[in-house]
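These notes concern the structure reproduced below.
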Amino acid sequence: MYEVAIDASFAAAHHLRDYEGVCERLHGHNYRVRVVLAGERLNKQGFLIDFREARQMVGGAVERFDHAYLNELPPFDTLNPTAEQIARHIAECVAAAVPEGIVVRRVTCWESDRCSATYRPRG
C-alpha cells in the first residue's frame, strides 16, 4: 500500500453552537489540514498520484473556507464547525474527486499547533 500526504491551510472564523465556554463566541483559527491518500498501484510514471493533482483536489476542498465565517457555509450552516466535522467534510470532498484505485485514508485538521482531530473513512 502506498500513501501520499498533502498539507493545506486556511484561516477562518467560527463559533460553536450549544457549547458553554469561550468557544461559543465568535473566534478564529489558522487551520492546517493533512490529507493522506492511499492505493495499491502506481501509474506508469511511478506515482500513486501526482502531487500537483493531489494539491489541486485538496485545495479545491478547502479554498472556500479561507477567510470565511464557517457557520455561514454549508454544511456548517447546520453542523457545528468542529475540527472533527471539518476533517470529515474535507475527506468526503476529496474522496469524490480522487481517481479510481485511490482512497482517502485519513484527514487531520489542526485548530492550533497542539490540537487536532482526525477522520478515517471506513473501507
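The values are calculated or read from the model by the stated rules, or taken from the named source; none is laboratory data. The model shown is predicted, which means the values in this text are computed figures rather than measured ones. Methodologically, a virtual Cβ is constructed for each residue, glycine included, from the backbone with ideal geometry; neighbour enumeration extends over all protein chains shown.
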statement: Picking from 103, 58, the residue that is of a type outside the set (Ser, Thr, Tyr), within 19 Å of residue 119 (Cβ to Cβ) and over 12 Å from the mean Cα position of the chain (by Cα) would be 103
message: I'd like to check something: does region 82-90 contain any residue that is more than 11 Å from the chain's Cα centre (by Cα) and free of Cβ contacts under 8 Å to residues at least 60 places away in the same chain?
response: no
- prompt: Taking into account only those residues within region 29-60 that are of a type in the set (A, V, I, L, M) and either assigned to a loop (DSSP other than H, G, I, E, B) or without any contact (Cβ under 8 Å) to a residue 40 or more places away in the chain (or both), which is surrounded by the fewest Cβ atoms within 10 Å (Cβ to Cβ)?
  reply: 42
query: Can you tell me how many residues in region 10-26 are surrounded by fewer than 12 Cβ atoms within 10 Å (Cβ to Cβ), in contact (Cβ under 8 Å) with a residue 12 or more places away in the chain and of a type outside the set (Asp, Glu)?
result: 1
statement: Just one listed residue, out of 79, 70, is among the aliphatic types (A, V, I, L, M) and surrounded by 17 or more Cβ atoms within 10 Å (Cβ to Cβ), and it is 70
- prompt: So which residues in region 2-38 are at positive phi and of a type outside the set (D, E, K, R), if there are any at all?
  reply: 21
field: The listed residue being assigned to a helix (DSSP H, G or I), at pLDDT 95 or above and touching an Asp or Glu at 6+ places or on another chain (Cβ under 8 Å), out of 71, 80
entry: 71
message: Looking only at region 83-121, how many residues end up being small (Gly, Ala, Ser), closer than 18 Å to residue 4 by Cβ, touching a Lys or Arg at 6+ places or on another chain (Cβ under 9 Å) and not in a loop (DSSP other than H, G, I, E, B)?
response: 2
- request: Could you please let me know if residue 34 is modelled with pLDDT of 95 or more, touching a Ser or Thr at 6+ places or on another chain (Cβ under 8 Å) and basic (Lys, Arg)?
  value: yes
